[in-house]
Each structure stands twice: as structure tokens, then as C-alpha cells.
Amino acid sequence: MEIRPVFTLDREAVRQVMGGYSSRERYAVRVLESEEQTTFQIQLEELPGLFEKDFRAGLLEDDLDRYEQMLAEGLSRAAWEGEQLVGVGLASAERWNGTLWIWEFHVHPQFQGRGVGRALMESLAVAGRQAGLRTMRVETQSSNVPAIRFYRSLGFQLQGMDVSLYTNDDLSAGEVALFFKHRLD
């Protein structure tokens, strides 16, 4: 496997890598709000059945256009097994606060569990440090327990959420955006 900077986007190969995920658990998010106090509760719970998410259905050409434009920054990385794209980390810098924002991070399902994701994330961290950035940020769904466990295994910590990023009904749908950060110093 080889990891290298990516400057062009093979859209079909990226779609193959960005399959999705499945989980029998989720982090349920509850918000209790009063005039005196607001409490957010995040608790791991077992689901009654298998939850499956396919990212390709929501991947728009506009998104790919935006990702392609940010490749010029030189911060994105891709993992290759021979000529096959097996992982991708599409990232850009938020210079105002020194953050490497990882917009997309995916490993082809057939290559998960083989160290591809860890090596890809380490390469992104090196790129971020070399660019003078202080932290990395990723976003994932509260239903994507495999990704949450992966990020935490690398030292990422939960540092925020958005209860209406995807729709106005994220809380009741059980899919809330969670933001994880990892310091680069």
C-alpha cells in the first residue's frame, strides 16, 4: 500500500471507496433545555436491527466539484494498492484557527481493518503539521459507531455536535452530527 498526496479526483473511484457503513448500535443524543440549564446527553444504545448507510446516494456533483478545488492545497491524501484507490482523506485548511478540516475520510470496505485508515490519518496529520496547523477535525454521524471508535482509537475527542446539520429532524431520526478533534502538537 502507498499513501501519497492527491491532486486530481477520479470521481468514480472515489464513489467506490465512499461506500458507507453498517452498525447495530448508535449514540442516542438527547437535549434537555430549560431557561436555567441546557443538557446534552449522548449514550450508546443497541439498535433493534442493522442500520445501513450508503454515502453514494447523497454525494452530489457540487460536492465533488468543491473537493476537487481544494485538492490544490496539497493537504488531501489517498491510499493505493497498486493502481486501485483503497482510501481517501479529502482535507483543507482553515487558516484562521489552524485547523485541518477532513471533509471526507473513507477506506474501501474490502480494505478496512488492515491499517489503511490509520496510515492515511497519520499522513494527514503529517501534512497538517507541515502546513503549520494545530488540530485536525472530522465529522461523523452519531449512528456511525465504527467510525467513532476508529477516531477515538487515534486519539480524537468529541468536541461538538450539531443537532440539525443534516435535516431539521436529526434528533428524532437518530442521526446527529458529531465533531471530533485531534491536536497536532
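The values are calculated or read from the model by the stated rules, or taken from the named source; none is laboratory data. This is a predicted model, so every value here is computed, not measured. Neighbour counts run over all protein chains shown; Cβ positions are idealised from the backbone, glycine included. Areas reflect the complete protein model, heavy atoms only, side chains present, ligands, DNA and RNA absent. Shrake-Rupley method; radii C 1.70, N 1.55, O 1.52, S 1.80 Å.
Things to note:
- Dividing the mean sequence gap of close Cα pairs (under 8 Å, 6+ apart) by how many residues the chain holds gives a relative contact order of 22 percent.
- Estimated inter-spin distance, Leu64 and Leu47, nm [label 7 Å along Cα→Cβ]: 2.6
- Translational diffusion of the stretch 5-76, estimated by Stokes-Einstein from the Kirkwood radius over alpha carbon pairs at 4 °C in a medium of 1.567 mPa s, is 82 µm² per second.
- Taking the square roots of five times each eigenvalue of the Cα gyration tensor of the stretch 52-185, the equivalent ellipsoid has semi-axes of 22, 19, 16 Å, listed largest first.
- Computed extension length for Arg56-Ser22: 10.8 nm, one decimal, from 0.36 nm per residue of separation with the Cα-Cα distance subtracted.
- In the stretch 19-167, the portion of solvent-accessible area held by carbon and sulfur atoms comes to 46 percent [1.4 Å probe, whole percent, DNA, RNA and ligands not counted].
- Förster-model FRET efficiency, 22 Å R0, Arg118 and Phe179, C-beta, rounded to 0.05: 0.60
- Per residue value of the accessible surface for the chain (all protein chains in place, 1.4 Å probe), Å²: 55
- DSSP-loop GluC sites (Glu not before Pro) across the stretch 1-79, with at most 11 other Cβ within 10 angstrom: Glu35, Glu36
- Within the listed set Phe55, Phe105, Phe40, the Gaussian network model of the chain (springs between alpha-carbon atoms below 10 Å) gives the highest mean-square fluctuation for Phe40.
- Antiparallel bridge percentage (DSSP; both residues within the stretch 41-185; nearest 5): 90
- The Cα center of the stretch 46-73 and the Cα center of the stretch 117-140 differ in position by 19 Å.
- Cα-projected label distance for Thr38 with Leu171, points at 7 Å along beta-carbon direction, nm: 1.0
- If R0 is 45 Å, the Cβ-Cβ spacing of Glu83 and Val163 corresponds to a FRET efficiency of close to 0.60.
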